[in-house]
Amino acid sequence: MSDFNFTHPLRVRWAECDAQGIVFNVNYFLYFDVAMTEYLRNLGALTEIFEEFFTVHAEADYKAPARFDEELEIGVRCANLGRTSMTLATEIRRGDEILTTGKLVYVHADSKSREKSPLPDKFAAAILAHENTPPERT
């Protein structure tokens, strides 16, 4: 996880698995969301900005299955900071094995009007200070 300055541990629960004890594919997006929340908490931005981000794109590439009771690490990093959006790269690992990679795009919007708005300067600065590899700026 050298590309990720932030990781979050997670143990697979039975309710997230199918009848074969393998994580059902949609739950990887739940794992990405949990890790994104913890990423924002780590930046100190969870309570002030959480309700201002809306998911506009989510994708995952599955490489190997996770199974019941396994311990996973979920990496999150900001890959791109736009004027009104950010793109997070995600990766789920079991030890050194990559199980799933993902990409999540969030748009910043006013929490009341839901109109797109620029990313707050303080938030963008926190991301830039946190990341080992600066995100692209578009």
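The numbers here are math on the coordinates, done by the rules we state, and not lab data. Note that this is a predicted model, so its numbers are computed, not measured. Every residue, glycine among them, receives a Cβ derived from its backbone with ideal geometry; neighbour counts consider all protein chains shown.
Annotations for the structure displayed:
- Principal-axis tilt of helix 27-43 within the chain, Cα atoms, nearest 10 degrees: 40
- Its residue count N sets the reference 2.2 N^0.38 Å, and the alpha-carbon radius of gyration of the range 76-123 equals 1.47 times that reference.
- For the peptides 79-90, 120-131, the ranking by packing is 79-90, 120-131, with the highest mean count of neighbouring Cβ atoms within 10 Å listed first.
- Estimated dipole of the chain in Debye, rounded to 20 [Cβ of Lys and Arg +1, of Asp and Glu -1, Cα centre]: 280
- Between VAL26 and GLU51, full extension at 0.36 nm per residue minus the direct alpha carbon distance yields a gain of 6.7 nm.
- Given charges at Cβ of Lys, Arg, Asp, Glu: the chain dipole, positive-most of THR101, SER85, VAL26: SER85
- Estimated FRET transfer efficiency when R0 is 22 angstrom, pair THR133-GLU71 (beta carbons, to 0.05): 0.25
- Legend: calculated FRET efficiency, GLU59 to GLU115, from the Cβ-Cβ distance at R0 = 25 Å, rounded to 0.05, equals 0.45.
- Computed lengthening from ASN80 to VAL34, 0.36 nm per intervening residue step minus Cα-Cα distance: 14.6 nm
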